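A short write-up of the structure that comes next.
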């Protein structure tokens, strides 16, 4: 089996290869997993430490070794999954400032408010069930 590491701050181990699949547990940056299967950008993995199995999106995994350092001035800083997604789309603090400068009449108050909304995995699952939304591959 291929050994890989979690390379996001918090990676969801899901019941299905889908972002709307139920979260079994969350794995932390640096945790090792064994890949048993790959399909459509997802990997079926087994957590080395606990033996739990589930699906993780390939963007949260890497073959590169992960070194965790504590108390070192040379310790690296990592980006959150959201920051990586935005950076991949070319969005960063500088782009945001340029957009605001070109569009001074736009009110971002509601955008800022929405960014602070937190929805639990259980609330999301209930919402999806009520709306009869199912991911490809079966029931969540």
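The values are calculated or read from the model by the stated rules, or taken from the named source; none is laboratory data. Because the structure is a prediction, the values reported are computed rather than measured. FYI the Cβ positions are ideal-geometry reconstructions off the backbone, even for glycines, and counts take in every protein chain you see.
Please verify whether the range 25-35 includes one or more residues that are touching a residue at least 40 places away in the same chain (Cβ under 8 Å) and either in a strand (DSSP E or B) or under 12 Å from the mean Cα position of the chain (by Cα) (or both). Before the answer, list the steps.
Looking only at the range 25-35, we keep the residues that are touching a residue at least 40 places away in the same chain (Cβ under 8 Å), and these are 29.
Checking the rest, the ones that are also either in a strand (DSSP E or B) or under 12 Å from the mean Cα position of the chain (by Cα) (or both) come to 29.
Yes.
Total residues in the range 99-139 satisfying the condition of being surrounded by 10 or more Cβ atoms within 10 Å (Cβ to Cβ) and at pLDDT 85 or above: the figure is 3.
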